[in-house]
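Have a look at the structure below, then the notes.
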Amino acid sequence: MPLTYLLHLTDLHLPPPGETVYGTDTALRLDAVLADIAARHGPGKDMPAPEFAVITGDLTRDGEPAAYARLRAALERLPCPTHLMLGNHDIRENFRAAFPEAPVDPNGFVQQAVMSSAGLCLLLDTLNQGHSDGRLCEQRLGWLAAQLAGSGDTPVLLFMHHPPMAVGIAGMDEIGLKDADALWSVLAPHRARIRHIFHGHLHRPIAGSWHGIPVFSLRGSAFDVALDLAPPPRKLSVEASKTPCYAVLRFTEDSIVAHTRALLPT
């Protein structure tokens, strides 16, 4: 396996032009992330060119068509192909209208298999439209099972918006993935070759494991969720991102390293 770099972005929460999220212009934070990537990555620059970027959902504030149009224009600045995923703040139909070339599975879910030099990347659609929690219905799980069954011994990297495990932040655990047991039943026979899970949704730097599979996420670019491990019914506390960030994922045959690149607030 050659040395491989991918980029991981998440939770952009981009609003329509002229609007804000929690009183903050999250577009400025996304602009800072995209400008840093463009300035630092690629031939002749101080960071290697990534094979591609993955954005793990919550692309927009609330799935507005104008926000997707704004995102499409913004992403032209990235120096590599970009694979977009959906989160609970997205609307599948509006996304597909703005990005008609984005791959979907046979049932119209925005999920795809992308082969990389680091392994087979499976990008899952956990959007439970109209709700904040995540779901993986029988159709989506069937697609995942077919991808795993047909990929032999190829190493697998799993990308999703909602994390598959509870993290102890009551408000976020309430809106986590509701089909985690069903997901594990599909993954378990292939556990030995699933190298890592990358997710979004939590707006926090996260590292750990689930059923022995390493898990990673980051705060993303829009806003932060406070670290509050008090039991329910404690509600979420959010604030403008102190340091909007993205991750540089480095893969070798026997290692995975996720470097977080934090930027000054805007």
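The values are calculated or read from the model by the stated rules, or taken from the named source; none is laboratory data. Worth saying up front: this structure is predicted, and the values here are computed from it rather than measured. So basically every Cβ, Gly included, is an ideal-geometry build from the backbone, and we count neighbours across all protein chains shown.
General observations
- If you filter region 115-129 down to residues that are over 13 Å from Asp58 (Cα atoms) and not polar (S, T, N, Q), you find that the one that is surrounded by the most Cβ atoms within 10 Å (Cβ to Cβ) is Leu124.
- 3 or more residues more than 12 Å from Leu9 (Cα to Cα) and either of a type in the set (S, T, N, Q) or modelled with pLDDT of 95 or more (or both): qualifying strands (runs of 3 or more DSSP E) within region 179-250: 194-199, 206-210, 213-217
- Whichever residue in region 63-119 is touching a residue at least 40 places away in the same chain (Cβ under 8 Å) and of a type in the set (D, E, K, R) and, among such residues, is farthest from Thr252 (Cα to Cα): Glu64
- The lone exception for Gln112 - which of (1) at positive phi; (2) crowded, with 19+ Cβ neighbours inside 10 Å it fails: (1)
- Residues being closer than 20 Å to Asp58 by Cβ and out of contact with any His (no Cβ under 8 Å at 6 or more places or on another chain) - total across region 176-205: 9
- Near pairs, Cβ below 8 angstrom, 6+ apart or cross-chain, from region 158-173 (touching a residue at least 24 places away in the same chain (Cβ under 8 Å) and in a helix (DSSP H, G or I)) to any residue that is buried (at least 22 other Cβ atoms within 10 Å of the Cβ) and of a type outside the set (A, V, I, L, M): Met172/His201
- Selection count where residues are touching a Phe, Trp or Tyr at 6+ places or on another chain (Cβ under 8 Å) and surrounded by fewer than 18 Cβ atoms within 10 Å (Cβ to Cβ), scope region 211-239: 3
- Where a residue in region 120-135 is closer than 19 Å to Arg195 by Cα and its partner, wherever it lies, is aromatic (Phe, Trp, Tyr) and in a strand (DSSP E or B), with Cβ under 8 Å and at least six apart: Cys121/Phe159; Leu122/Phe159; Leu123/Phe159; Leu124/Phe159
- Flag for Ala247 being touching a residue at least 40 places away in the same chain (Cβ under 8 Å) and crowded, with 18+ Cβ neighbours inside 10 Å: yes
- Each residue in region 63-101 was checked for being among the polar types (S, T, N, Q) and within 23 Å of Phe198 (Cβ to Cβ), and 2 of them qualify.
- Selection from region 251-266 of residues that are of a type in the set (Val, Ile, Thr) and either at pLDDT below 95 or assigned to a loop (DSSP other than H, G, I, E, B) (or both): Thr252, Thr266
- So Thr252, is it touching a residue at least 60 places away in the same chain (Cβ under 8 Å), out of contact with any Phe, Trp or Tyr (no Cβ under 8 Å at 6 or more places or on another chain) and hydroxyl-bearing (Ser, Thr, Tyr): yes
- Considering residues of region 130-157 that are of a type in the set (S, T, N, Q) and either touching a helix residue (DSSP H, G or I) at 6+ places or on another chain (Cβ under 8 Å) or assigned to a loop (DSSP other than H, G, I, E, B) (or both) only, the residue nearest to Asp58 (Cα to Cα): Ser132
- Yes/no for Arg234 being of a type in the set (Lys, Arg) and more than 18 Å from the chain's Cα centre (by Cα): yes
- Which numbered condition Ala170 fails, given (1) more than 19 Å from the chain's Cα centre (by Cα); (2) modelled with pLDDT of 95 or more: (2)
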